[in-house]
1. So if I check each of Leu36, Leu113, which one is under 28 Å from Val14 (Cβ atoms), among the aliphatic types (A, V, I, L, M) and touching a Phe, Trp or Tyr at 6+ places or on another chain (Cβ under 7 Å)?
2. Could you please find all residues in the stretch 10-42 being in contact with a helix residue (DSSP H, G or I) (Cβ under 9 Å, 6 or more places away or on another chain), basic (Lys, Arg) and over 17 Å from Cys90 (Cα atoms)?
3. Suppose we filter the stretch 73-113 for residues that are closer than 23 Å to Ala24 by Cα and not in a strand (DSSP E or B); how many remain?
4. Which condition number in (1) open to solvent by 70 Å² or more (accessible area, probe 1.4 Å); (2) out of contact with any His (no Cβ under 8 Å at 6 or more places or on another chain) is the one that Asp110 fails?
5. Being open to solvent by 60 Å² or more (accessible area, probe 1.4 Å) and either among the aromatic types (Phe, Trp, Tyr) or over 24 Å from Asp15 (Cα atoms) (or both) is the filter here, so list the residues in the stretch 73-95 that pass it.
6. Inside the stretch 43-94, can you point out the residues that are farther than 17 Å from Leu113 by Cβ and either in contact (Cβ under 8 Å) with a residue 24 or more places away in the chain or of a type in the set (Asp, Glu) (or both)?
7. Look at the stretch 3-58 and say how many of its residues are open to solvent by less than 60 Å² (accessible area, probe 1.4 Å) and in a loop (DSSP other than H, G, I, E, B).
8. Looking at this structure, is Ser70 part of a strand (DSSP E or B), exposed (fewer than 14 other Cβ atoms within 10 Å of the Cβ) and more than 12 Å from the chain's Cα centre (by Cα)?
Amino acid sequence: MTSTSSNARARQIVDLLKEVPLFAGMGDDDLSRLSLLITEKHYPRDTVVVSATDPGDALYVVADGEVKVSLWSDNGREIILSTLGPGSFCGEMSPVDGEPRSANVACLTDSLL
């Protein structure tokens, strides 16, 4: 990737982060530094990104696509807690509290997180 395309991609990431409520109070310089820590990953539809009870060390921001956050009931039925689109985030609790994941996250469409 050229420096120009790297700069453009970094700008796109900063613009996305500005849409995320979790980062609302951060300025461009801080968001630029944060963008250096981000790894982008494409997930095909129906991919499970996070499984409940897994250890977690990452926060996920939806850049493109749609994911569902869900749990399984005792009788085996899926309970969808929310669906998330671009600018939404999930998985934030495990990196903060050190506890395992509390829900499943799966892609409803091809997604970029």
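1. Matching residue, one of Leu36, Leu113: Leu113.
2. Within the stretch 10-42, Arg11 is the sole residue that qualifies.
3. 12
4. In the conditions (1) open to solvent by 70 Å² or more (accessible area, probe 1.4 Å); (2) out of contact with any His (no Cβ under 8 Å at 6 or more places or on another chain), Asp110 misses (2) alone.
5. Asp74, Asn75, Arg77, Glu78, Ile79, Ile80, Leu81 - these are the residues of the stretch 73-95 that are open to solvent by 60 Å² or more (accessible area, probe 1.4 Å) and either among the aromatic types (Phe, Trp, Tyr) or over 24 Å from Asp15 (Cα atoms) (or both).
6. Residues satisfying the conditions are Ala52, Thr53, Pro55, Leu71, Trp72, Asp74, Glu78.
7. 7
8. So Ser70 does not fit the description; no.
The values are calculated or read from the model by the stated rules, or taken from the named source; none is laboratory data. All values reported here derive from a predicted model rather than from experimental measurement. Because the Cβ atoms are built from the backbone with ideal geometry, glycine has one as well, and the counts that use them run over all protein chains shown. Remember, those area values only see protein heavy atoms, side chains included, never the ligands or the DNA or RNA. Shrake-Rupley method; radii C 1.70, N 1.55, O 1.52, S 1.80 Å.
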